[in-house]
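The values are calculated or read from the model by the stated rules, or taken from the named source; none is laboratory data. Everything numeric in this text was worked out from a predicted model, so none of it was measured. Don't worry about glycine lacking a Cβ; one is built from the backbone with ideal geometry, like all the others, and counts go over all protein chains shown.
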Amino acid sequence: MKLAFDIHGVVDSLPELFSVISKLLVENKHEIHILTGSKWSKKVEDQLEKYGIKYTHHFSITDYHLSIGTPMRYSTPDDPWIDTGDKQQDEILWDRTKGDYCAEHKIDLCIDDTMRYNNYFSSPFARLWTHNNHKKASHKDKRHLD
């Protein structure tokens, strides 16, 4: 089985739950793919370690687009965005990236907190509603708050 978990809004909203799930699945030879829009960094790895998250693969939207030469801009070092000069196309490119990754890697289920990504998934997608009174990070684009 292959599952994909988003970090921000999913893993960091229920770290104890995802720690148990990820540990059980990895110990039983299943794949856990950790997905993020942020650059993959020591900071991200430390966060996952702090939460006790076990994983077999990781994927960063930012790193992927940088690797294929997609123009990027940053309003802060941790806030990347695609910048081709066409805002509508930029949003589509960003929003479809996790869905494309999950299709390519034959992910059985992706859990994310951004509903609009569902439009670009051909594999199973579940939106997590935590209702734990944690507000979305202030750097999140408003499109991802609904």
Identify, please: which residue in segment 25-57 is under 15 Å from the mean Cα position of the chain (by Cα) and of a type in the set (Phe, Trp, Tyr) and is, among those, surrounded by the most Cβ atoms within 10 Å (Cβ to Cβ)? 55
Cβ pairs under 6 Å, 6+ apart, first in segment 41-61 and over 22 Å from residue 94 (Cβ atoms), second of a type in the set (Gly, Ala, Ser) and surrounded by 14 or more Cβ atoms within 10 Å (Cβ to Cβ): 51/19; 52/19; 53/19; 53/22; 54/22
Flagged pairs (Cβ under 6 angstrom, 6 or more apart or on separate chains; first in segment 111-123, at negative phi and in a helix (DSSP H, G or I); second surrounded by 17 or more Cβ atoms within 10 Å (Cβ to Cβ) and of a type in the set (Asp, Glu)) are 116/95; 117/95; 120/95
When (1) more than 24 Å from residue 105 (Cα to Cα); (2) over 17 Å from the mean Cα position of the chain (by Cα); (3) not in a helix (DSSP H, G or I) are applied to residue 78, the one that fails is (2)
Go through segment 81-110 and give me each residue that's within 23 Å of residue 42 (Cα to Cα), in contact with a Phe, Trp or Tyr (Cβ under 6 Å, 6 or more places away or on another chain), touching a residue at least 60 places away in the same chain (Cβ under 8 Å) and not in a helix (DSSP H, G or I). none
The one condition residue 34 fails out of (1) within 18 Å of residue 114 (Cβ to Cβ); (2) in a loop (DSSP other than H, G, I, E, B); (3) not charged (D, E, K, R) is (2)
Restricted to segment 62-75, and to residues that are outside any helix (DSSP H, G or I) and of a type in the set (A, V, I, L, M, F, W, C), which residue is farthest from residue 38 (Cα to Cα)? 68
Do you know which residues across segment 49-61 are in a strand (DSSP E or B) and not aromatic (Phe, Trp, Tyr)? 57, 58, 60
Starting from residues that are modelled with pLDDT of 95 or more and of a type in the set (Phe, Trp, Tyr), keep the ones in segment 36-87 and report whichever is farthest from residue 14 (Cα to Cα). 64
